[in-house]
Amino acid sequence: MANLSEAWFRDANLSAADLGKADLSKADLSGADLSGADLGGANLRETDLSVADLSRANLSRANLLGADVHGRYRTRELQQ
């Protein structure tokens with residue numbers, strides 16, 4: 001298991017990356033391209049995944065407790 005706790009991957013291209021079971025707690029993955037990435041079993045506690053592309057990403061058994069997950073296209077009401 002890779003220890004990438006508190007790593008900074010803002011806007012990085014991690015598409016199809018094998019990050020299964022990695023410790024990414026408190027990492028900054030905002031805006032990252034994680035499409036098709038394997039995050040199965042990864043520790044994503046308190047990770048910033050805001051506006052990250054999670055399409056086709058494997059999130060099975062990933063720990064998302066306290067993670068910031070929201071998409072690019074939010075309505076005006078949600079932004080206020």
*the chain: Rg/Rh from Cα coordinates, Kirkwood Rh?*
0.97
_Can you give me the accessible area per residue for the chain, using a 1.4 Å probe, in Å²?_
63 Å²
*Inter-probe distance in nm under a simple model that places probes 7 Å from Cα toward Cβ, at M1 and S60*: 1.8 nm
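Using Cα pairs closer than 8 Å and at least 6 residues apart in sequence, work out the relative contact order for the chain, in percent.
25 percent.
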*Max mean-square fluctuation residue, GNM over the chain, Cα-Cα springs under 10 Å, options G41, G31, G66*: G66
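The values are calculated or read from the model by the stated rules, or taken from the named source; none is laboratory data. Treat the numbers as computed from the prediction; the structure is a model and nothing was measured. Cβ: placed from backbone, ideal geometry, glycine included. Neighbour counts: every protein chain shown. The area values use the complete protein model at the heavy-atom level, side chains included, leaving out ligands, DNA and RNA. Shrake-Rupley method; radii C 1.70, N 1.55, O 1.52, S 1.80 Å.
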